[in-house]
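Here's the structure, in structure tokens; my notes come after.
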Amino acid sequence: MDPVAGTAEHRGPVEVRARAPGKIILTGEHAVVHGSAAVAAAIDLYTNSSLLLRPAGPGEGGGAGSSAVELDLRDSGLTFSWPCSRLRGALGEEISANPGAPAPCSPDQLAAIARLLQDQDIPEAKIWLSAGLSAFLFLYTSILGCRPGKAVVSSDLPMGAGLGSSAAFCVSMSGALLTAAGAVSVGAHRGAEGWEVLEKGALELVNQWAFQGEKIIHGKPSGIDNSVSTFGKMIKFKKGELTNLESRNPVKMLITDTRVGRNTKALVAGVSERASRHPDAMASVFHAVNTISEELSSIVELVAEDEIAITSKEDKLAELMEMNQGLLQCMGVSHSSIETVLRTTLKYSLVSKLTGAGGGGCVLTLIPTLSSNIVLEKVTRELESHGYRCFKVEFL
């Protein structure tokens, strides 16, 4: 996560901006919830959150929104607003700003937040935004209480497509809120494009809050999405333990967004139900996924210094991705749109797998270093002829 802060006088407006990257899961989605290892990497697509924190007290700072909490979702063209008095009335004693101590959203808080959402005019076609709005209200009031302010969010990431858009939202928003609250401060180190980078301890706090937001949105997330979005680069994640991986050679992927929406919470629950019906068989599936993730994490750290070594390394990565895709099909999370991408890329001798929850969403295709641009252009055109959206990414 890359935050940058700018402040006016101490009692005047405080403006903070933060951004967090999306992610792809190379191996281990779904199985990671059941104890297997997963390998994920941050990608160069970001969600940006800005926060203008207004002076406390009605009427200060001017404007009708000066005593309200506002959220402007630029990509959806929607703005939401809650008067601070309404927040206090609905949440009451549940409002206890304590940014240094992340805690889960209580059932009473969640019920109160649900009532607050009833005040809003959420279009029927975008009712799925409710979970994100709930996470926003929880994070905002838990970290800042009812201090008036306006948050603006924009993103490069397609929503609900398996690229970690909800995690990037929770991470960037948590970073902005915690910086505005003075709970974290930016370090002296500047990262990409001049963004200031938080120290490790501050990132840990951001990650813990973001995970609480993810739980509101997804129910029982593994924690891998928010961890990758917070710390960046490539990681192996297993049972809550995070291991940083160093990719020794550039890895490029073509991401195909099938534009088929899906419900992550329902898909995760579906895998758990299948594991309950077939415990021995699914235990073998999860064990196989764990073995694939462990092997892949070793391969990505190998140094390949010539074309033969690079090709050999990429062939192994492709085989592991292909095996993982087969196991995801065993879990019941593939989709006809995903299978279309797999067949299309296979015609060009390219290997693909779903990334994220499945059931639609996005598909990864490994782009070999020695692959020609002509092949990439042809496969992209054919995929786009199905109405899919394609874009090329690199690991951060």
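The values are calculated or read from the model by the stated rules, or taken from the named source; none is laboratory data. Everything numeric in this text was worked out from a predicted model, so none of it was measured. Virtual Cβ from ideal backbone geometry, glycine too; neighbours counted across all protein chains shown. The protein model used for the area step is the full one, side chains on, heavy atoms only, and it has no ligands, DNA or RNA in it. Shrake-Rupley method; radii C 1.70, N 1.55, O 1.52, S 1.80 Å.
Straight distance only, please: which lysines reach the Cα of residue 150 with their own Cα at less than 25 Å, same-chain residues fewer than 8 apart left out?
Residue 150 reaches 126, 215.
If 30, 278, 335 are ordered by their accessible area, calculated over protein heavy atoms with a 1.4 Å probe, which sequence runs from highest to lowest?
Largest accessible area first, the residues go 278, 335, 30.
Once ligands and nucleic acids are excluded and a 1.4 Å probe is used, how much of residue 243 is accessible, expressed in Å² to the nearest 10?
Approximately 60 Å² for this residue.
Averaged per residue, what accessible area in Å² does the chain show with a 1.4 Å probe, protein chains only?
For the chain, the per-residue accessible area is 43 Å².
Given the range 137-240 reduced to its alpha-carbon atoms as identical point scatterers, what log10 I(q)/I(0) does the Debye formula return at q = 0.10 Å⁻¹?
Debye intensities relative to I(0), on a log10 scale: -0.27.
Would you mind computing Rg(Cα) / (2.2 N^0.38 Å) for the chain, counting N as its residues?
Here the Cα radius of gyration is 1.01 times the empirical estimate.
In whole percent, what relative contact order does the chain give with Cα contacts below 8 Å and a gap of six or more residues?
On the way: 808 pairs, mean separation 87.7, N = 396.
Value for the chain: 22 percent.
Taking the alpha-carbon distance from residue 252 and a cut-off under 25 Å, which lysines remain once sequence neighbours fewer than 8 residues away in the same chain are dropped?
Within the straight-line limit of under 25 Å, residue 252 reaches these lysines: 23, 233, 236, 238, 313, 316, 347, 353, 378, 392.
Which semi-axis lengths, in whole Å and largest first, follow from the square roots of five times the eigenvalues of the Cα gyration tensor of the range 301-373?
Over the Cα atoms of the range 301-373, the ellipsoid semi-axes are 25, 14, 9 Å.
What is the Cα coordinate range of the range 7-243 on the first, second and third principal axes, sorted by size from largest, in whole angstrom?
Here the spans come out as 52, 41, 32 Å, largest first.
At a 1.4 Å probe radius, carbon and sulfur cover how many percent of the accessible area of the chain? Walk me through the numbers on the way to the answer.
Numbers: 8630 of 16990 Å².
C and S fraction of accessible area: 51 percent.
Using the Karplus equation 6.51 cos²θ - 1.76 cosθ + 1.60 (θ = phi - 60°), what ³J(HN,Hα) coupling, rounded to whole Hz, does each residue of the range 138-145 give in order, writing x for Gly and Pro?
Each residue's phi maps through the Karplus curve to give 4, 5, 4, 6, 6, 9, 10, x Hz.
Along the range 270-277, what does the Karplus equation 6.51 cos²θ - 1.76 cosθ + 1.60 (θ = phi - 60°) give for ³J(HN,Hα), rounded to whole Hz, x for Gly and Pro?
With the stated coefficients, the range 270-277 comes to x, 5, 4, 5, 5, 5, 6, 6 Hz.
How big, on average over all directions, is the shadow cast by the Cα convex hull of the range 86-151, in nm²?
Numbers: hull surface 18.6 nm².
Reported value for the Cα convex hull: 4.6 nm².
Tell me what the chain gives for mean residue ellipticity at 222 nm when only DSSP H runs of n ≥ 4 count, each as -39,500 (n - 2.57), the sum divided by the residue total, rounded to 500 deg cm²/dmol. Please report the intermediate quantities before stating the final value.
Numbers: 11 runs with 163 residues, N = 396.
Rounded to the nearest 500, it is -13500 deg cm²/dmol.
To the nearest Å, what is the center-to-center distance of the range 290-344 and the range 195-252, using C-alpha atoms only?
22
What whole-number value in cubic angstrom gives the convex hull volume per residue for the C-alpha atoms of the range 62-185?
So the per-residue hull volume is 121 Å³.
Over its Cα atoms, what ratio of radius of gyration to 2.2 N^0.38 Å does the range 246-395 give?
1.09
Which order do peptides 234-242, 358-366 fall in by mean Cβ count within 10 Å, highest first?
358-366, 234-242
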